[in-house]
């Protein structure tokens, strides 16, 4: 998406190296990307491509080997711990596993209210009403605030995690495989909810997934990652409908599509080109 508005997130020449003893693994290799305000950038690749590592670097959970990460023009790698803690009000995350953000020993109302209590302290009545409003917005009743995570389904727990991440109206949300652990029917519901909330709140998303079809649905632009490097990047429609790189074509072939006729056409093309074994191997990796 071409825009003159300054990016909310700018990653320049990012590299991340993991070390274990004498062994070194370059997980991210010289990656550059931008996200504009209110925009969704989909970051797609197979397992081990480095996409989640980029999200962790943006969140400050891993230290880059080199490169620059700017949020709203500020170099976040140079921020102090206090400044970084304050930044979490505007920079939130939704994980694949909602258990990551939900304390199993506390009612879910406590987990949703915690960011408010940390960053925008208010009376119990005000905080309670904000929690109730957020629960209603994600399709849950106010009574849910008194229940524990174990009492909810996987889809409901992900809605709760979304409520916790968005209750402060952050400007940027890192969405790290937020629906991959859910059934297909539930995935669609959660993706639609995330799209609606983004439209209402004006947040930007860095949406990380292995499924190109899901990324295409939600994203304005797509960056395709292979072995730590971006191999293709462009408008979501163009990358999905006319992928230029063979690797992107294989990811697309591996992704299930809801249109039986289109899926049949893809299967026929794969058989004609002799790609069945290769794409099936990729599909088994991605699922």
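Every number here is computed from the coordinates shown, using simple stated rules; none is lab data. For clarity, every value in this text was computed on a predicted model and none was experimentally measured. We place every Cβ from the backbone using ideal geometry, glycine too, and count neighbours over all the protein chains shown.
Projected over all directions and averaged, the alpha-carbon convex hull of region 159-265 occupies 7.4 nm². Which one of 244, 83, 156 has the biggest mean-square fluctuation once the chain is modelled by GNM with Cα springs under 10 Å? Among 244, 83, 156, the largest GNM mean-square fluctuation belongs to 83.
Highest GNM mean-square fluctuation among 159, 22, 130, for the chain modelled with Cα contacts below 10 Å: 22. If you model region 85-126 as an ellipsoid using its alpha carbon gyration tensor, with each semi-axis the square root of five times an eigenvalue, the axes come out at 19, 16, 7 Å, biggest first. When the Gaussian network model of the chain links Cα atoms closer than 10 Å, the mean-square fluctuations of 191, 69, 222 top out at 191. Take every DSSP beta bridge whose two residues both sit in the chain; close to 55 percent of them are antiparallel.
Calculate for the chain the 222 nm mean residue ellipticity that helices alone would give, adding -39,500 (n - 2.57) per DSSP H run of length 4 or more and normalising by residue count, nearest 500 deg cm²/dmol. Write out the running numbers ahead of the final one.
Numbers: 11 runs with 120 residues, N = 287.
Using -39500 (n - 2.57) per qualifying helix, the result is -12500 deg cm²/dmol.
Note on region 105-168: semi-axes of the ellipsoid equivalent to its C-alpha gyration tensor, largest first and rounded to whole Å, are 18, 11, 11. Coordinate range of the alpha-carbon atoms in the chain per principal axis, descending: 65, 45, 44 Å.
Between residue 200 and residue 147, the modelled label-to-label distance comes to 2.0 nm, taking each label 7 Å out from Cα in the direction of the beta carbon.
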